[in-house]
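Everything on this sheet refers to the single structure shown next.
The values are calculated or read from the model by the stated rules, or taken from the named source; none is laboratory data. Keep in mind it's a predicted model, so treat the numbers as computed, not measured. So basically every Cβ, Gly included, is an ideal-geometry build from the backbone, and we count neighbours across all protein chains shown.
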């Protein structure tokens, strides 16, 4: 009698913790349309656990704590992201207000697979497991979805990618999302180093939410399509085209005109060194930023940045000691 009572209590406890789902439960992947701000321009991915009348949770690996040390930690590559959990209603409201489309892919899973998937999420949601060190290319809200699918489903999951990985680099992939944000694209290209020019390997493209969506759409499990049904939760909104200005070209023209103006002034007899000092100071500041990102942070993507060849920190010293 005591044994039966203990088993009943354990079963009720498991239900209370959301670890055992009913046969009507569904696990789905939510893919969110890119936003207009830089932090949202690459889109977002989350997981929904829906058990009618019992649970409707959205697990989000893209949450961070915004506090006084946020910018310093972000710059140093020490910003921790965490797994958060909210109701589907809260999630839906947020993306409705921000006018970002959301698509839902309901996964074809057995009851055992659903429970294993849910248990993995519950385990990750424990306070001691929530946090992880964010890496834009290798460990983010999208790659975490890919990884948990592979961990839970194992060899039962088969990817059938139609994406030509060998034709793209990480830098080329993010450039596609920044076509309407030229100045941001220019700054990111200066800040990122040689690791971003690595040719993609299989499933590397899944660091971007849109490609998590497409790879899941073509994947199979047990010989059947992994996706049982795709729904439009929020209709995609039209995005405005950005400025056609090429920042690199504009900056090159501006610096060239400054140099030509200084040479013209020199021929007229001017001894002013204001323009040369400005040019050396500008290049030195850019180089100093690149140097810090390479040697003083934990970012893996800002190492081996050969922009230091033209933007060199010691230009700052030249700016102050320039005599001729």
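Any residue at all in region 253-270 that's in contact (Cβ under 8 Å) with a residue 12 or more places away in the chain, surrounded by 13 or more Cβ atoms within 10 Å (Cβ to Cβ) and in a loop (DSSP other than H, G, I, E, B)?
no
Which numbered condition trips up residue 154, out of (1) out of contact with any helix residue (DSSP H, G or I) (no Cβ under 8 Å at 6 or more places or on another chain); (2) modelled with pLDDT of 95 or more?
If we test residue 154 against (1) out of contact with any helix residue (DSSP H, G or I) (no Cβ under 8 Å at 6 or more places or on another chain); (2) modelled with pLDDT of 95 or more, just (2) comes out false.
Check region 184-195 and report whether any residue there is in the same structural domain as residue 311 (by TED's automatic domain parsing), out of contact with any strand residue (DSSP E or B) (no Cβ under 7 Å at 6 or more places or on another chain) and assigned to a loop (DSSP other than H, G, I, E, B).
yes
Among the residues of region 157-183 satisfying the criterion of being out of contact with any helix residue (DSSP H, G or I) (no Cβ under 8 Å at 6 or more places or on another chain) and not in a helix (DSSP H, G or I), which is farthest from residue 225 (Cα to Cα)?
Top of the filtered list is 180.
Between a residue in region 25-53 that is without any contact (Cβ under 8 Å) to a residue 12 or more places away in the chain and any residue that is surrounded by fewer than 21 Cβ atoms within 10 Å (Cβ to Cβ), which pairs come within a Cβ distance under 9 Å, given they are 6 or more apart or on different chains?
Correct list of pairs: 53/22; 53/24.
As an exercise: evaluate residue 231 against (1) assigned to a loop (DSSP other than H, G, I, E, B); (2) surrounded by fewer than 13 Cβ atoms within 10 Å (Cβ to Cβ); (3) in contact (Cβ under 8 Å) with a residue 24 or more places away in the chain and give the number of the one condition it does not meet.
Condition (1) is where residue 231 drops out.
Being surrounded by fewer than 17 Cβ atoms within 10 Å (Cβ to Cβ), in contact (Cβ under 8 Å) with a residue 24 or more places away in the chain and assigned to a helix (DSSP H, G or I) is the filter here; which residues of region 127-156 pass it?
Once the filter is applied, which keeps residues that are surrounded by fewer than 17 Cβ atoms within 10 Å (Cβ to Cβ), in contact (Cβ under 8 Å) with a residue 24 or more places away in the chain and assigned to a helix (DSSP H, G or I), region 127-156 yields 151, 156.
Which numbered condition trips up residue 94, out of (1) at pLDDT 80 or above; (2) closer than 30 Å to residue 303 by Cα?
Failed condition: (2).
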